[in-house]
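What follows draws every value from the coordinates through simple rules; no lab data is involved. Fair warning: this is a prediction, and the values are worked out from it, not measured in the lab. Cβ sites come from the backbone with ideal geometry, for glycine too, and all protein chains shown count toward neighbours.
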Amino acid sequence: MKNKMLPNHHKSGFSLPENYFRDFEARLMEELNEPQVSGNAYKGDPGFKVPENYFEGFEGKVLEKLNEERTVTKVIPLYRRKKFYYAAAVAAVFTGLFSTLLFNPPGNDINIDSLELSAIENYLDDEYLNFDKKEISVFMTDYSYTLDNFSTSRLSDEAVLEYISENVEDPNLLFE
């Protein structure tokens, strides 16, 4: 199996000096054994500066700000908008009811009797509704359908063969 590497990419972009890890432990132990100067163990700028005598007057400044009277800020109350929200909710309900009655009038009920038989046959032929034998038998026993309840008529063999010859698409099925 070939290694899937980028065709022109041979370096990882990260490099270490030669023999870096050989003397790493010795350098680490040397750093750890050195006595550190108090507070100045790092080299460089600390990154921030505190003004002189900042903490001496700090407590007094905080207490002054706490004792000051707070100015009243402008607050927009929500209770004024409640009336608008109630009106908008009522308008939305009426709009929903109006559109429901407009686009689906009550006299336009759809039931099984209004469906065409060909639509039901197409639905079953396209196998949108698949029943196996167990499901059909449960349905038939639930509603107490038995073969005795169906009206059957006696058909002659000639009529059956004529029907099959006219309606069967594959003629090889007739001879099986």
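Phi-derived couplings, Karplus 6.51 cos²θ - 1.76 cosθ + 1.60 at θ = phi - 60°, listed residue by residue for the range 157-162: 5, 5, 5, 5, 5, 5 Hz, with x used for Gly and Pro. Excluding same-chain neighbours fewer than eight residues apart, the aspartates and glutamates reachable from K134 by a Cα-Cα span under 13 Å are D142. Under the simplified labelling scheme, the L129-R70 pair shows an inter-label distance of 6.9 nm, with each label point 7 Å from Cα along Cα→Cβ. Between E166 and L117, the simple label model (points 7 Å from Cα in the Cβ direction) yields a spacing of 1.4 nm. Length gained on full extension, N104 to R27, computed as 0.36 nm times the residue gap minus the Cα-Cα distance: 19.2 nm.
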